[in-house]
1. Look at Pro88 and say whether it is in contact with a Ser or Thr (Cβ under 9 Å, 6 or more places away or on another chain) and at pLDDT 90 or above.
2. Scan region 255-285 residue by residue and report those that are surrounded by 21 or more Cβ atoms within 10 Å (Cβ to Cβ), of a type in the set (Gly, Ala, Ser) and over 47 Å from the mean Cα position of the chain (by Cα).
3. Pro35 versus (1) within 28 Å of the chain's Cα centre (by Cα); (2) at pLDDT 85 or above: which is the lone unmet condition?
4. Scan region 877-899 for residues that are crowded, with 20+ Cβ neighbours inside 10 Å and more than 14 Å from Lys847 (Cα to Cα) and jot them down.
5. Name every residue in region 905-921 that is open to solvent by less than 70 Å² (accessible area, probe 1.4 Å) and of a type in the set (A, V, I, L, M, F, W, C), in order of residue number.
6. Within the bounds of region 78-97, is there any residue that is assigned to a loop (DSSP other than H, G, I, E, B), in contact (Cβ under 8 Å) with a residue 12 or more places away in the chain, in contact with a helix residue (DSSP H, G or I) (Cβ under 6 Å, 6 or more places away or on another chain) and more than 21 Å from Cys228 (Cα to Cα)?
7. Just to check your reading of the model, which residue among Ala709, Ala669, Ala718 is assigned to a helix (DSSP H, G or I), open to solvent by 10 Å² or more (accessible area, probe 1.4 Å) and in contact with a Leu (Cβ under 9 Å, 6 or more places away or on another chain)?
8. Just a yes or no: is a residue in region 242-251 open to solvent by 60 Å² or more (accessible area, probe 1.4 Å), of a type in the set (Asp, Glu) and either without any contact (Cβ under 8 Å) to a residue 60 or more places away in the chain or in contact with a Pro (Cβ under 7 Å, 6 or more places away or on another chain) (or both)?
Amino acid sequence: MSSKSLDVGILGQQNENNDHGAEEKSDVEDKDQGPAIATRLDVYNALENSKFIGSSSFAGKADGTKTIPALPPMSGLFIHDIGRVSLPITPSQAKTLKAHSWKTNDDVFTNIYQVEEHSIDIQNPLWDSSLSKLIKTVAFKLGIRPDDLSAKLDMLLYMEKGSSIDWCSDVEEDDNIIGSMLIQLPSVFTGGKISVFDGDEEVDEEDEANFITSFNMGGPNNEAEFACHFVCHYSDCQYEIEEITSGSRVLLRYSLCYSSNDGVSPTANLLHKTVIPLKTSLSLLPRTDRMILVPLRKHYSPSSLTLNGIDALAPDHRAIAESIKWAGGDNWTVLILNAHNTYTTRSERDENGQCKISLVTPHNEEGRKVDLKWMQKIIDLSLMEGEDDKKKGRMLLSTSNRLVDNWGKRKSRKTKAIHNGYDSDSHYGYGYDHHTSYEYISTYRATFLLAYDAGSVYELKCVEMSKSSISGRIIRNDGVIAAAADVVKKQDYSLLGRLLDVAESKEELRFGSSTCRDLLEMVISTGNKCDGTTSLANRIVGALSTSTEPDSVLWHTILSAVKKFGWRDLRANVSSLLFDESRKKENDYGSSRKSRISLVVFLNRIDFCLTLTSADAYVRRSNFAQKCISDSIEDLNKTDNKNLLYRSLVEKIDSMVELHGWKAMANVAKHSLEFLRSNARWRLDVFVGIGHLVSKFHRKHSCSITLEAMKSFAMTFASKMSESSYFDITNYLSSSPRAEALLASIRVVIEHGDQHAMGLVGKRLISHRSTFSSFVKTVSESAINNIEAQTFLLDVLNKLLVQHSIDSEVAACACQRGSSCGCKWNVGTPDNVGEDNITVSPSLHIKLILDASSDLAHMKDKDGRLPLHYAAARSVYETVACILEANPKAAVIRDPVTGLYPFMLAGSNENTAAAFELLLSDPNLVLGEIPADEDDEENDRKRKRSPSM
């Protein structure tokens, strides 16, 4: 039969590293852990509700080297009629002992020699006190309060070569006897292994080995010659002693007596029933939760822990430690941890303060300090205050009768007085200055039992996180990031499997974009479709945190994985990245937004789907891309996430159209540009970029979508430009490429905007003299020997400028810098700013643009209209006079759109002064006669060269 290893104390054996430098898992590997449904709260409840939790048997070497107290090797054994017996026993004394003992030889006992208790005397004066300490340890191991257990010597057993005891159980006549203990005095022998069976009759034969614990009692390595060994068990356990193959052994048999008056005596069967909740909850904890923190009622000083180890603990606290150790198995380690809590508040009632917790190096059960720095990074002393906290796996229980949730009584309090920015420390808190404020600093100390599964150290290290000191939110998952980097460095697929188990156990331990990308790239570069790495690649994609949206680089890496391992094998987890509703919701609790779908997310998802469609034939045959695009557009239309709207998005839309073609991107481009136009905060570079893009699309792919985009942009750009600052426009005009982009956007307004939109742009252009001068200069320079640019300049004059004049509202500058101001039109001091005595002509902006290109007054636009026609219909007298002066003959040319002469247009505009001025230019107009040279005006203009040409 196989045997279980002996539980020799709280710590047990240390883990050894495997060939990869990682901690080994438990001896019995969790091949099928089952559902990880247990939480730390289940563990605490099991501890609180259990009466007896312990082992049904326990054995060890009583030499004081561990936490087991020492028994004197020289016991001073004295047997009546024999005398003092030396140990190990000599052959002659053995012969005499056999002659004065009772020999049992039947179906169970073979060659067993017994000496009754009344003939035995242990003369070493230290024996009784040492035995009492051992019984205390035995009580803890058996799940009994030390005060309730005692031992009574029954007999001495002598075994020699050939002696053995077959499977049997003890029948006790005294109801207070609950078990027995064999103390093996120093002996020399081989064989004789002692085994204990703690199952019942219902255990199947094939499962019996799981209920058997075996103890060698120091025989194989000759330790039995120099120290006492012991084994104890409950009375309802069966036991056997295998045959002694050489030498002999001397055993003292004690009855274990239970003295509690609670009416229920512990048995192995009862222990099995009561330990199940704790054992089950510990075994079903996710590996990332296999560290628990139990607060104790008492603070234990470091000196007492160093001196006494686990013996320093009160019985109830020691019982908790032993219970966890037994229920968890050999891999669970229990340490004793001290912590200090410095609580600072400005209220004498200790309200609204701040805690600063510091950990003290933990002690093991032997009292030695354990330097485990990795623990300090993951120990969480936050209380479980609500159901959500309990489910999320916080370590420290907050409310319990047995497991205390507070830090006990305050150990010290100090008052810090702050005087006008200077600190003065006082233990009494005196302060006489009425400006003095106080901080009350209280110090609390507490002791905790810290238990963890040594086989889960790798997973526990992954729990390390950086959190916000203000909100407590997770900022960065340092443990997972470090573990992933180690996996990539070592190219270790076994560690990758464990890391994926960690990521899949809790949402907060899932991967960020960079971690997911690095692991995927490792699998792509080193694995192949036939060696099982396809499953790992699929799990890596599925382990991406639901709060993390893949960036463009990660989408590209996922695409590479699909190309290598196939769409069918990765489809489920990749599709969830696109269609899972939880991935469309905003997970930032500090944000008021409900949706995660920003324009960046939208474009990245569409880009991935279209690229995947072109790369995979199976996807092309499906409706995957169509569904992705339609769902994404619907999500974009519903989103309230308007962040990250910058010019690079415009460039991305452009590049996606170039890559995937207009046919695939038309609807996407439409909604993207509409979203940008409607939601982007005013930034000139963003809207100028949009204008450049819609113009490009309209030139190359003219259709109803692009036409509508041009019209919508014209209206929005005009409105937004009217809100732009003087500095934005001036800075934009100072750079040639940027200036050209701005002019292109203004051209869209001219070609597709209405009168209101064009009026807004024109008013903004003339709002500052320096801005307007820069604008005219930029347009004029681009118009030299460029007919298209000259046409644009003409449109600017006709549609943006003539309807405006430099009135008091425009001339008054908000900067109020007086004569040093270079942005306002009028020249004067701050005293006359905003008054009626404007010192500049209302048509100065018209004069400046005509001076820049004198041919403008003679040029007709695409409708055949001259600038004078526009001015007469919409401008003030000064503007009409200025344009008329530049082209007097225009006064006799009909407007081809309305059929009216300029003076008629002015009259319809109720501009009587301008109408009279136009009539004076040629009185024959009153008679309705057309001057003979009217038709030749255009030819005359063409024969003349402008002074600027």
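The values are calculated or read from the model by the stated rules, or taken from the named source; none is laboratory data. Since this is a predicted model, take the numbers as computed values, not measurements. Backbone-built Cβ (ideal geometry, glycine too); neighbour counts: all protein chains shown. Note: areas computed on protein heavy atoms with side chains; ligands, DNA, RNA excluded. Shrake-Rupley method; radii C 1.70, N 1.55, O 1.52, S 1.80 Å.
1. yes
2. Ser255
3. Of everything listed in (1) within 28 Å of the chain's Cα centre (by Cα); (2) at pLDDT 85 or above, Pro35 misses just condition (2).
4. Lys889, Ala890, Ala891, Val892, Ile893, Asp895
5. Correct list: Leu905, Ala906, Ala913, Ala914, Ala915, Leu918, Leu919.
6. Yes - at least one qualifying residue is present in region 78-97.
7. Every option except Ala709 fails the conditions.
8. no
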